[in-house]
Amino acid sequence: MNIKIFALLLTIIIFSSCQKKEDNFLEDMASLDKSYMDTLLVIRDVNNSNRKESIEKFIVVWNDFKKQYYNSNREDPQWKADFDSLQDILIRSHYYISSGEDESAGYSILHDIKYVLSDLRKRNNVNWFFDNLNSIYKIAYRVGELSKIYAGSNTMLTPEEEEKLIVVYYLLDAAVKTTISEFDKSNIHLLHLSQQQLGTLKHNIETIDDLVKSIGNDLFSKKYSNLSNTSENILNIYFNSLQIIRG
């Protein structure tokens, strides 16, 4: 066989092998996300008696994922640290939930997992729909927390307080626009959703966009009394979106 042809075939084989490994990783990451979403939704429901069982089921899924991919990326110096950090988060969350000592704390801690995974993916240039959705959640939550301070309709804000709210609003608006523009460009296909599910998700994001516009209108009209409720509506749509993805 011609040496050049052999070298070309070898290159193609190596590239195909690397591509397959990457595809497998992304598929497994999507499965991990769906399992995490299911756990988050179960533990969020204080009346669900399967909270302990749910997080322990996710631990099994996570342990399998970690075993397979912990040593898979030597180019990212933060890779293993993120895996270790996520493991620590999961241990602490499991303790509070399984012991019954503070299930609310366990639920709050569990939220940190999505941010660790998001940082890991962004560092490695993975465009991920769930990360965009989580950015909306994180910033909308921040808007809600700030708005509770300024709940009174007649509250006069200092310039610094007003600027803080406006900055967070712009961050939220940017997060929603990114989610919309990257909807079809992200790895959302790996979630294996039906056309109906995809359509409902798009509708949810568009509804959030409308709510964010109303936040902007209220802010620039110096009407702060509705901000908390509007932010809460966005968070509820976020969780509804997780339920759609979970199926």
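The values are calculated or read from the model by the stated rules, or taken from the named source; none is laboratory data. The structure displayed is predicted, hence computed values, not measured ones. All Cβ positions, even for glycine, are placed from backbone atoms using ideal geometry, and neighbour counts span all protein chains on display. We work out accessible area using only protein heavy atoms, side chains counted, and drop any ligands, DNA or RNA first. Shrake-Rupley method; radii C 1.70, N 1.55, O 1.52, S 1.80 Å.
Remarks
- Filtering 49, 54 for residues that are more than 25 Å from residue 124 (Cα to Cα), at pLDDT 85 or above and exposed (fewer than 11 other Cβ atoms within 10 Å of the Cβ) leaves a single hit, 49.
- Conditions (1) more than 13 Å from the chain's Cα centre (by Cα); (2) exposed (fewer than 14 other Cβ atoms within 10 Å of the Cβ); number of the one not met by residue 147: (2)
Here's the yes/no breakdown for (1) hydrophobic (A, V, I, L, M, F, W, C); (2) open to solvent by 30 Å² or more (accessible area, probe 1.4 Å); (3) at pLDDT 90 or above; (4) under 26 Å from residue 236 (Cβ atoms):
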| site | (1), (2), (3), (4) |
| --- | --- |
| 5 | yes, yes, no, no |
| 17 | no, yes, no, no |
| 61 | yes, yes, yes, no |
| 78 | no, yes, yes, no |
| 91 | yes, yes, yes, no |
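- Members of the stretch 66-87 found to be of a type in the set (A, V, I, L, M) and assigned to a loop (DSSP other than H, G, I, E, B), listed by number: none
- Residue identified as exposed (fewer than 13 other Cβ atoms within 10 Å of the Cβ), out of contact with any Asp or Glu (no Cβ under 8 Å at 6 or more places or on another chain), small (Gly, Ala, Ser) and more than 22 Å from residue 36 (Cα to Cα) among 231, 221, 214: 221
- Annotation: residue 84 fulfils all but one of (1) open to solvent by less than 20 Å² (accessible area, probe 1.4 Å); (2) without any contact (Cβ under 8 Å) to a residue 12 or more places away in the chain; (3) not hydroxyl-bearing (Ser, Thr, Tyr); the unmet one is (1).
- Taken over the stretch 105-115, the criterion of being closer than 24 Å to residue 76 by Cα and surrounded by fewer than 18 Cβ atoms within 10 Å (Cβ to Cβ) is satisfied by 111, 112, 115.
- Flag if residue 236 is over 18 Å from residue 131 (Cβ atoms) and either without any contact (Cβ under 8 Å) to a residue 12 or more places away in the chain or open to solvent by less than 20 Å² (accessible area, probe 1.4 Å) (or both): yes
- Count of the stretch 151-175 residues which are surrounded by 18 or more Cβ atoms within 10 Å (Cβ to Cβ) and touching a residue at least 40 places away in the same chain (Cβ under 8 Å): 4
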